[in-house]
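Notes to accompany the following structure.
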Amino acid sequence: MTESEFRELLTRGLDGIARWEASFRPFEPHRSLEVAPDVAGKAIDDLVVRLHDNYPFFHPDYAGQMLRPPHAVALAAYATAARINPNNHALDGGPATAQMERECLDQIAAMFGFTAPYLGHLTTSGTIANLEALWVARSLHPDKAIAFSSEAHYTHARMCELLGLKTVVLPADARGAMEYSALAALGESDAVGTVVVTAGTTAAGAVDPIDAVVELARTRGWRVHVDAAYGGFFATLARHPDAQLDASLWTAISRADSVVVDPHKHALQPYGCGAVLFADPKVGAFYKHDSPYTYFTSRELHLGEISLECSRPGAAAAALWATLQCFPLNAGGLGISLLASRRAALIAYDAARSSGSLVPIMQPELDIFTVAPMAPEQRVTVSRVSQRSEEIFERCQNDRERPLFLAKWRLPQAVGRQALPLLEWDEPHCTVLRSVMMKPEHESEARTIVARISSY
């Protein structure tokens with residue numbers, strides 16, 4: 001969508017809301033809210049200057065962290081709804097956007113294979129969504145531990161500390177995924193209540209053995225929570241032959257007890273928009289609370305009655321709802337752009353393998369590409385690889401003609417010894433290069449990106 005088309009879309013939305021506002025009795029805005037046009041204009045001009053101090057997250061030359069620009073439809077919808085500023089805590093705070101939120105959750109639930117009745121809502125982030133899932137886990141098993149991989153997102157350890165929960169941290173394999181044998185070896189003395197599996201680690205995009213974990217959990221009486229904050233929307237491609245995904249891992253999510261996903265990552269939304277779903281709606285009883293001045297507009301549960309957050313922007317629900325009208329959650333909708341990102345990572349992997357100067361850390365499972373600057377079959381120290389990674393990172397970013405923005409990963413020794421057996425570990429961590437190819441444009445740029453990394 002071109003800039004002019006976006007501006008037309010934004011104007012269309014704001015004009016539509018202005019016509020709705022004009023249908024009510026006119027009134028004079030209070031003089032305390034007046035601001036001189038030159039003062040307001042200067043504030044915006046100064047803001048634009050300050051915002052130039054950013055990396056070009058929108059551009060395919062930015063292939064660093066997991067930042068995918070929001071779609072123009074999402075931005076226009078968000079701005080349109082934000083003009084009204086609904087709060088999806090109670091129906092009287094945002095009746096229209098509350099209904100939109102429910103419709104969005106129905107689509108997300110269907111993508112994961114969750115069937116009605118289920119419980120779910122949007123959150124302001126995956127962190128808060130995971131907090132709610134772990135809070136429910138504690139409510140169900142207050143004296144039992146949470147088990148997760150060493151490569152799981154750090155939010156789990158942090159939130160377990162916040163909730164006063166014991167943890168069992170399991171090793172990761174050469175792919176960066178949970179080591180299933182270590183989970184299976186846990187005994188009754190470990191007193192696990194919930195196992196967290198990750199559908200797309202934020203370091204390398206690894207997918208834990210969700211299907212095997214679900215089967216084992218059913219025999220052990222454990223709950224299973226799927227942290228799909230990063231990779232969840234790849235479920236749209238689970239059975240697509242070109243995606244080269246293990247469908248059994250993704251279909252197993254339907255048998256989990258809860259799942260988290262972040263629309264502000266792959267689903268083209270502005271920050272912050274997360275979501276949490278529970279297979280058993282009865283866990284809503286843990287959210288029960290009383291408010292003497294809300295919840296009078298419906299006999300049904302309000303979204304605020306099944307959420308820890310008491311204020312949530314209805315604009316986020318409106319943006320996601322409008323986006324899903326254009327890009328439904330299937331292989332022919334949102335999945336088209338995800339497939340391009342998936343192909344980009346695989347292209348980069350193949351290009352690195354044939355470069356002669358780079359060694360991929362692991363084969364990408366989603367759209368994250370990781371690589372060590374070393375020759376194949378070469379014995380080299382960790383300190384040397386880390387030094388080269390830092391040099392390449394700086395030279396790419398500071399290239400005046402065409403900067404390339406990458407990310408770095410401090411590869412832990414436990415994973416690195418398996419993935420890169422020729423490394424000599426003279427330091428506890430090895431800095432390697434990491435590229436998140438979230439933009440579909442990266443499919444056509446992947447070989448160039450690898451060639452540039454290799455050239456430095």
Would you be able to say whether some residue in the stretch 3-22 is part of a helix (DSSP H, G or I), more than 30 Å from Val432 (Cα to Cα), among the acidic types (Asp, Glu) and open to solvent by less than 70 Å² (accessible area, probe 1.4 Å)? yes
Which ones in the stretch 113-133 are crowded, with 23+ Cβ neighbours inside 10 Å and in a helix (DSSP H, G or I)? Gly126, Ala129, Asn130, Leu131, Glu132, Ala133
Looking only at the stretch 409-443, how many residues end up being touching a residue at least 12 places away in the same chain (Cβ under 8 Å) and more than 17 Å from Ala345 (Cβ to Cβ)? 19
Check Asp106 against each of (1) under 20 Å from the mean Cα position of the chain (by Cα); (2) surrounded by 18 or more Cβ atoms within 10 Å (Cβ to Cβ) and name the one condition it does not meet. (2)
When residues of the stretch 61-101 are limited to those that are of a type in the set (D, E, K, R) and modelled with pLDDT of 95 or more, the one surrounded by the fewest Cβ atoms within 10 Å (Cβ to Cβ): Arg83
Condition first: more than 19 Å from Asp208 (Cβ to Cβ) and open to solvent by less than 20 Å² (accessible area, probe 1.4 Å). Now tell me which residues in the stretch 134-162 satisfy that. Val136
Filtering the stretch 347-361 down to residues that are without any contact (Cβ under 8 Å) to a residue 40 or more places away in the chain, open to solvent by less than 40 Å² (accessible area, probe 1.4 Å) and more than 13 Å from Glu377 (Cα to Cα) yields Tyr349
Selection from the stretch 23-79 of residues over 35 Å from the mean Cα position of the chain (by Cα), among the basic types (Lys, Arg) and in a loop (DSSP other than H, G, I, E, B) yields Arg25
Residue that is nearest to Val259 (Cα to Cα), among those in the stretch 167-185 that are touching a Ser or Thr at 6+ places or on another chain (Cβ under 7 Å) and open to solvent by 10 Å² or more (accessible area, probe 1.4 Å): Val169
On the given criteria, is Asn54 open to solvent by less than 70 Å² (accessible area, probe 1.4 Å) and among the polar types (S, T, N, Q)? no
First in the stretch 149-168 and under 19 Å from Asp190 (Cβ atoms) and hydrophobic (A, V, I, L, M, F, W, C), second anywhere and part of a helix (DSSP H, G or I) and modelled with pLDDT under 95, Cβ under 9 Å, 6 or more apart: Val168/Asp190
Against the definition (in contact with a Lys or Arg (Cβ under 7 Å, 6 or more places away or on another chain), within 30 Å of Pro241 (Cβ to Cβ) and of a type in the set (A, V, I, L, M)), how does Leu366 come out, yes or no? yes
Among the residues of the stretch 325-339, count how many are open to solvent by 10 Å² or more (accessible area, probe 1.4 Å) and in a helix (DSSP H, G or I). 5
Among the candidates Ala212, Ala203, Ala184, single out the residue that is in contact with a strand residue (DSSP E or B) (Cβ under 6 Å, 6 or more places away or on another chain) and among the small types (Gly, Ala, Ser). Ala203
Any residue in the stretch 129-144 that's hydroxyl-bearing (Ser, Thr, Tyr): show its pairings with residues that are in a helix (DSSP H, G or I) at Cβ separation under 7 Å, as long as the two are six or more apart or on different chains. Ser139/Phe286
Helices (runs of 4 or more DSSP H) (entirely within the stretch 186-289) containing at least 1 residues that are open to solvent by less than 10 Å² (accessible area, probe 1.4 Å), over 17 Å from Arg68 (Cα atoms) and out of contact with any helix residue (DSSP H, G or I) (no Cβ under 8 Å at 6 or more places or on another chain): 210-220
Mind checking which residues of the stretch 129-144 are within 13 Å of His225 (Cα to Cα), over 16 Å from the mean Cα position of the chain (by Cα) and of a type in the set (Gly, Ala, Ser)? Ala137
Of the residues in the stretch 233-255, those that are out of contact with any His (no Cβ under 7 Å at 6 or more places or on another chain) and among the hydrophobic types (A, V, I, L, M, F, W, C) come to Phe234, Ala235, Leu237, Ala238, Ala243, Leu245, Ala247, Leu249, Trp250, Ala252, Ile253
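The values are calculated or read from the model by the stated rules, or taken from the named source; none is laboratory data. Here the structure is a predicted model, which means the values were calculated and not measured. For neighbour counting, all protein chains shown are included, and Cβ atoms are generated from backbone atoms with ideal geometry for every residue, glycine included. Just the protein is used for accessible areas: all its heavy atoms, side chains included, with ligands, DNA and RNA removed. Shrake-Rupley method; radii C 1.70, N 1.55, O 1.52, S 1.80 Å.
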